[in-house]
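Chemist: Can you keep this structure in mind? I'll have questions shortly.
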Amino acid sequence: QQQQQHQQQQHQQQQQPPRSTATQQQQQQRRRRNQQRQRRRPQKEQAPPPQGRSALLQEWTGITVHPKWQQVLKLALPHFGLQGSFTLAMDDVLSRLRGLEEVVLLGNSFTGEIPDSLAQLQSLRIVLLRGNQLQGRLPQSLGVLKQLVTLDLSHNHLTGPLPDGIQALGRLQTLILAGNELSGTGEDLARSCSLLTSLRNLDIEDNRFYGSLQHDHVFSRMSKLMVLNLHGNAFSGPIPGELGTLEALLRVDLSANQFSGLLPFHFSRQHNLIELVLYGNLDLRGPDFWQRPQPQQQDGAEEQRRPRNLTLRHNSRKQQEQEQEKAETAQVQAMGMGVGMGVGMGMGTATKGAHWHWHGVGEE
């Protein structure tokens, strides 16, 4: 059978007409043209294989290296128990990593100040230094980091006012400075943050800011703001009315301050607001809308919603003392009747304020 197949192939080849000289020349010309085109095309640059120090960096924990240019892009060592001066680490090592985009060193024990050499890393997008022991003031050079999106320096020992350079961070979306000893007036806060139009999360809880927030409409330009936490400062005066006009707001915590006066009526028209926490202020008063129940909306009418979680306890010192006495009395009675668990659950869900009588947690 193999011999027969071989003979058939030879017979077919003999029957095929021989190729002409013109056809062979055309094929040769096509090959030459293809070769010339390939020579003219620019060859793609291939990254050299990692050698020496670059190869070692790829094996280090928490180090992310660019696959082509062999630059360190990310340094992530959270909760590693690292100690020492952050100033020296920044000046001697980190400042040389010019391509660094993310620094995640939260939950360590770094001391010292944040040096001006941080501004040399102009590619930085994320800086997470929460939960260290950093001291001193925030450097003015922070304004040079134009690519910065997230800055978390919470729960350190930072002092002094916010630097004016922060207002140059046009791409900043998250600014968390809670749990420090930062200070300044409401006017200082307005000067530093009023131009942060991309900001979505502002958290300055448990610091030493004070004064009125009625300066220069501090929140009017923050149209994308979703979370605002001013808890545990000493802000006073009325609550800024422009807060009620920010449609993106989800959570607002103004508790443990010294706010007084009327609650802005615009809060009642917030469709996205989930949580509004106002306890522990001096003397807040609200419009009638917050006291009487909402009328049922007709079909096609615009729906108005209250915040799902409204906490208004302790808005005056007398009210605080009265509520504490009532709570103690209710607890004693509950223990005597054997229904302490039910009363405890009821006290946990009620949000009775100094001028409001609305138990509205969990309601829309």
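The values are calculated or read from the model by the stated rules, or taken from the named source; none is laboratory data. Because the structure is a prediction, the values reported are computed rather than measured. All Cβ positions, glycine included, derive from the backbone under ideal geometry; neighbour counts span all protein chains shown. Side chains are part of the model used for accessible areas, which takes the heavy atoms of the whole protein and leaves out ligands, DNA and RNA. Shrake-Rupley method; radii C 1.70, N 1.55, O 1.52, S 1.80 Å.
Chemist: Would you be able to say whether some residue in region 175-184 is within 16 Å of the chain's Cα centre (by Cα) and part of a strand (DSSP E or B)?
Modeler: yes
Chemist: If you take the residues in region 198-208 that are of a type outside the set (Val, Ile, Thr) and part of a loop (DSSP other than H, G, I, E, B), which one is most open to solvent (accessible area, probe 1.4 Å)?
Modeler: Arg200
Chemist: Still on this structure: Which numbered condition trips up Leu162, out of (1) surrounded by fewer than 17 Cβ atoms within 10 Å (Cβ to Cβ); (2) touching a strand residue (DSSP E or B) at 6+ places or on another chain (Cβ under 8 Å); (3) not in a strand (DSSP E or B)?
Modeler: For Leu162, the exception is condition (1).
Chemist: Restricting to region 138-159, name every residue that is open to solvent by 30 Å² or more (accessible area, probe 1.4 Å) and within 17 Å of Gly232 (Cβ to Cβ).
Modeler: Within region 138-159, His155, His157, Thr159 meet the criteria.
Chemist: Within region 258-285, which residues are under 21 Å from Asp206 (Cα atoms) and either more than 23 Å from the chain's Cα centre (by Cα) or of a type in the set (A, V, I, L, M, F, W, C) (or both)?
Modeler: Gln258, Phe259, Ser260, Leu276, Val277, Leu278, Tyr279, Gly280, Asn281, Leu282, Asp283, Leu284
Chemist: I've got another one for you. Would you check if Leu118 is in a strand (DSSP E or B), touching a residue at least 24 places away in the same chain (Cβ under 8 Å) and buried (at least 20 other Cβ atoms within 10 Å of the Cβ)?
Modeler: no
Chemist: Go through region 125-137 and report how many residues are part of a loop (DSSP other than H, G, I, E, B) and either at pLDDT below 95 or open to solvent by 40 Å² or more (accessible area, probe 1.4 Å) (or both).
Modeler: Final tally of qualifying residues: 4.
Chemist: Here is a further query. Select from region 146-179 the residues that are among the charged types (D, E, K, R) and within 19 Å of Leu128 (Cβ to Cβ) and list them in ascending order.
Modeler: Result: Lys146, Asp152, Arg171.
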